[in-house]
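The values are calculated or read from the model by the stated rules, or taken from the named source; none is laboratory data. No experiment lies behind these values; they were computed from the predicted model shown. Note: ideal-geometry Cβ built from the backbone for every residue, glycine included; neighbour counts use all protein chains shown. Please note that ligands, DNA and RNA were not included when accessible areas were found on the heavy atoms of the full protein model with its side chains. Shrake-Rupley method; radii C 1.70, N 1.55, O 1.52, S 1.80 Å.
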Amino acid sequence: MIRPSVLGLCLLCAAQYGIADSAPLKINQIQFVGSHNSYKQAMSPLIFKALHLLDAKTAESLEYWHVPLAEQLDLGLRKLEIDLFYDPEERSFPVGHAQVIDMNSHCHTLLQCLRQVRAWSEKNPRHTPIWISFNLKDQVITGLPDPEPFTPGALDLLDEQLRGALATRLIQPADVQGLDWPTLEQARGKLLLILDEGGSKRDWYYDNWQNRPMFTNAPEGHPAAGVMIINDPIEDFARIQRLVRAGYLVRTRADANTFEARVNDTRRREQAFASGAQAISTDYYLPATHFGNDYRVVIEGGIRCNPVLLLETCVVAE
């Protein structure tokens, strides 16, 4: 006969792993919150005022900022986003949102950002996996200096710096065959990197994708596909749910361009959570008090079992 205390402990273990037979949770079976343009500090007040006079809507869409990366991770965020420019002379990748006008950052180069994340990871070796996505900024903006275009050589250099900074801490495309993701326990202390690009930059990265450190936003069914960036959880709600059920990792956004926070509109946030997308990005993991309301995107405890894949009774601890 099993003692009640032992039975209770067994049930608790089963609940923590999410399913009745206590099979370990995999990293696609959880859900968490992340930040959008995670490095970003507030724009210079003078630049903001000048831009607001020229284009108030654009200026207001940029009126958000973040605490340092380590503080975000301390708050339980597990998805970061970093925008990179390319400097071939310095063989470096400056970090910023828009050349000249919106470059205030908590870390000024890719390597500085990665060192901050790695230092935090080393202090918290049992953390759940951290996603980091990268946008490659070479778009021409009228009235601003043209950025250096990214090339296949720049992507190779990017891979080199990512591997050099993060070493054996990476979950890489070659580690995942047939969308068979590692368990949460196997992935503790590790990072998953994503190239959030389309067009030629993504296509170049497809070459030799098995030996690349980053996943790509590849189309469903492509051999390199594993992580999908789908920004609108209202318009693409059914698509996100279908991809999650098929085994893909999905990142979506609970808010964009400061709109939801300004008017305390929670519809997009609720759809994002209900969609089952594993990573829910926001600019407001802290309340939007500067807009006069308490709009916020948060999961108590930082992580929960995926609502599309597992039972409501499932619980998981950070």
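Numerical summary
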read-out: Pairs with Cβ under 9 Å, 6+ apart, first in region 13-32 and buried (at least 16 other Cβ atoms within 10 Å of the Cβ), second at pLDDT below 60 and of a type in the set (S, T, N, Q); value: LEU25/GLN16
read-out: Long-range neighbours under 7 Å by Cβ, at least six apart or interchain, first residue free of Cβ contacts under 8 Å to residues at least 60 places away in the same chain within region 292-308, second among the hydrophobic types (A, V, I, L, M, F, W, C) and open to solvent by 30 Å² or more (accessible area, probe 1.4 Å); value: ARG296/LEU286
read-out: Those residues of region 33-45 which are hydrophobic (A, V, I, L, M, F, W, C), closer than 24 Å to PHE85 by Cα and modelled with pLDDT of 95 or more, in sequence order; value: ALA42
read-out: Every residue from region 32-57 that is assigned to a loop (DSSP other than H, G, I, E, B) and of a type in the set (A, V, I, L, M); value: ALA42, MET43
read-out: Conditions (1) part of a loop (DSSP other than H, G, I, E, B); (2) within 18 Å of GLN172 (Cα to Cα); (3) open to solvent by 60 Å² or more (accessible area, probe 1.4 Å): number failed by LEU311; value: (2)
read-out: Subset tally (residues that are open to solvent by 30 Å² or more (accessible area, probe 1.4 Å) and closer than 22 Å to LEU136 by Cα) for region 168-195; value: 1
read-out: Residue that is nearest to ALA167 (Cα to Cα) [pool: residues in region 108-143 that are in contact with a Phe, Trp or Tyr (Cβ under 6 Å, 6 or more places away or on another chain) and assigned to a loop (DSSP other than H, G, I, E, B)]; value: LYS137
read-out: Qualifying residue in region 256-270 (condition: within 20 Å of LEU80 (Cα to Cα), within 16 Å of the chain's Cα centre (by Cα), among the polar types (S, T, N, Q) and crowded, with 16+ Cβ neighbours inside 10 Å); value: no
